[in-house]
Amino acid sequence: MFALPSMWNLIVSTIVFFIAAWYIHRYLEEQGIPKGMTRSLLVFVLASMVSWGAGEAVDWLTGAQAGV
């Protein structure tokens, strides 16, 4: 069943998203990958995955239960 994330999940995952996006963007820039839609989408997807993982880790550490 669908459960809303905890407040800590939202706060931490938002912060982690922007930090991850900045680092990934910087890394791809250093590798010489040209700017474009594909690179922007890659940064977005990877930062979203890292953010989602951080949010799940926060829920696991705080003991938030799914479906409650």
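Just the residues that are outside any helix (DSSP H, G or I) and among the hydroxyl-bearing types (Ser, Thr, Tyr), please, taken from region 30-40.
Keep residues of region 30-40 that are outside any helix (DSSP H, G or I), which gives 31-36.
Correct list: empty.
Within region 14-29, is even one residue loosely packed, with under 12 Cβ neighbours inside 10 Å, polar (S, T, N, Q) and either assigned to a helix (DSSP H, G or I) or at pLDDT 95 or above (or both)?
Checking region 14-29: not a single residue is loosely packed, with under 12 Cβ neighbours inside 10 Å, polar (S, T, N, Q) and either assigned to a helix (DSSP H, G or I) or at pLDDT 95 or above (or both).
Out of (1) over 15 Å from the mean Cα position of the chain (by Cα); (2) at pLDDT below 95; (3) of a type in the set (A, V, I, L, M), the odd one out for Met37 is which?
(2)
The values are calculated or read from the model by the stated rules, or taken from the named source; none is laboratory data. Treat the numbers as computed from the prediction; the structure is a model and nothing was measured. Positions of Cβ are generated from backbone atoms using ideal geometry, with glycine treated the same way; all protein chains shown enter the neighbour counts.
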